[in-house]
Amino acid sequence: MSGKNVATDRPEPQLGLDAIAFGARPGAFESVAERMVCRPSAARQARRLVSAALGAWGMAELCADAQQIVSELVANVVTHTNCATFRLEVRRTSGVVRVEVGDRSRVIPEPQRPGACSESGRGLLMVEALSFRWGCEQRRRGKVVWAELKPTRETSP
C-alpha cells in the first residue's frame with residue numbers, strides 16, 4: 001500500500017498486517033493501515049491488526065479495549081453503510097494510540113440510548129466508555145470514525 005491518502009493528502013503507511021506477520025521491524029513504524037472488505041469477518045481481521053500493532057509497540061495492556069473498540073467501529077460500517085470496503089488505521093503518537101475506521105458513507109454515527117431490553121444500539125456507548133476520547137470527521141469522500149486510548153505507562157514511539 002503506498003501513495004497518498006485521498007481523504008487527508010498525507011502519505012499512507014507502508015505496513016499492514018501481512019508486513020508485521022512477515023518480519024517487518026515493528027518498532028520502526030508509527031502506524032499500520034489496511035483496506036478491508038466490508039463483511040462481518042472483517043472485525044476479526046481488524047482485531048488481529050490492532051493486536052499485532054499494539055504488541056509490536058509494547059502496548060499490550062491496551063489490546064482488550066482496542067479490540068472491542070475496533071469491533072464496534074467495524075460492525076457499524078458493515079451494518080449501517082453500503083460500502084464495499086473500508087480502511088482501518090492504527091497509529092501511535094506521543095502518549096496516544098488512535099484507531100481509525102474510514103468509509104465512503106457521509107452518514108455521521110450518533111450514540112443511541114437503547115432501552116434495557118434492546119438487543120443493539122450500545123456500540124458507540126462502549127467506544128465512548130473504553131476510549132480516552134472519540135469522534136467522527138467528515139472527509140471529501142466519506143468519513144473517519146476514530147477513538148484514542150492512552151497507555152497506563154509511558155512508551156516512546
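Given Ala116, Ala84, Ala66, which one is at pLDDT 95 or above, open to solvent by 70 Å² or more (accessible area, probe 1.4 Å) and either in contact with a helix residue (DSSP H, G or I) (Cβ under 6 Å, 6 or more places away or on another chain) or not charged (D, E, K, R) (or both)? Every option except Ala84 fails the conditions.
Would it be correct to say that Glu100 is touching a Gly at 6+ places or on another chain (Cβ under 8 Å), open to solvent by less than 60 Å² (accessible area, probe 1.4 Å) and of a type in the set (Asp, Glu)? No. Only a single criterion out of (1) surrounded by fewer than 19 Cβ atoms within 10 Å (Cβ to Cβ); (2) over 16 Å from Ala33 (Cβ atoms); (3) touching a residue at least 24 places away in the same chain (Cβ under 8 Å) is not satisfied by Arg44, namely (3).
The values are calculated or read from the model by the stated rules, or taken from the named source; none is laboratory data. The structure displayed is predicted, hence computed values, not measured ones. Heads up, the Cβs are rebuilt from the backbone with ideal geometry, glycines too, and the neighbour counts pull from every protein chain shown. With ligands, DNA and RNA removed, areas are computed over all heavy atoms of the protein, side chains included. Shrake-Rupley method; radii C 1.70, N 1.55, O 1.52, S 1.80 Å.
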